[in-house]
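**Student:** Quick one: the structure is below, questions incoming.
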Amino acid sequence: MSGARRSRRARSEVVTSTPSDPAASSAQENAGIGRRFACLVYEALLLLAVLFFGSAVFTGVAGSADTLASRFALQVLLLTLCGAYFVWCWTRGGQTLPMQAWHLRIVAAHSGEPPAPGLALKRYLLAVPGVLLGAVSFLWGFIDRDRLFLHDRLAGTRIVRIDRTRRTTDAPPARSSTPPQH
């Protein structure tokens, strides 16, 4: 039975790329859950800087956020700023800076391509409630049959691991460490 379970899991973790993209002719594997959580830690640090900058701009313009209305406006601004950051990154290659470092990419589940703006926005809007409700959207990945986060399952997206290897033709020519002989 474990062999059947293993083969079912292997089938669910591999999706072939679209024929229109010859550079990505190899299969894309779902990223492991540990790698995705490690990337989340890095993402949180970067996002903290983005939120700090947004809060500084808001308080510089508004003076403070000590009333109910100004606090609400700050929260809306910060959620919008986060949304703009994620949607912009996901639609421009499917990666944020931490995802580049961890060799991860967001793709549309049906095509294997980076998500279109509407799909990226849908993913973000589905992730926000799951994060605010005790990270249930991320914890869902432990029980999902394909190890997808809840917002990925609902939005029709996946996080895949991309190949780190470089082709040798892309590398610059090696420089000799010995001086030329005259």
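**Student:** Please work out the FRET efficiency for the pair Ala101 and Ala69, using the Cβ-Cβ distance as r and a Förster radius of 35 Å; give the result to the nearest 0.05.
**Tutor:** The pair Ala101/Ala69 has a calculated efficiency of 0.35.
**Student:** Let me know the volume per residue of the alpha-carbon convex hull for region 21-134, in Å³.
**Tutor:** Per residue, the Cα convex hull of region 21-134 comes to 123 Å³.
**Student:** As a test of the definition: which semi-axes, in Å, follow for region 46-97 when you take the square root of five times each eigenvalue of its alpha carbon gyration tensor? Largest first, please.
**Tutor:** 25, 11, 7
**Student:** Follow-up. With labels modelled as points extended 7 Å from the Cα through the Cβ direction, what inter-label distance (nm, one decimal) is found for Ala44 paired with Val136?
**Tutor:** 2.0 nm
**Student:** Something else: In region 115-146, which trypsin sites (Lys or Arg not before Pro) fall in coil by DSSP and have 10 or fewer other Cβ atoms within 10 Å?
**Tutor:** Arg145
Rule-based calculations on the coordinates, nothing more; no lab input. These figures come from a predicted structure and were not determined experimentally. So basically every Cβ, Gly included, is an ideal-geometry build from the backbone, and we count neighbours across all protein chains shown.
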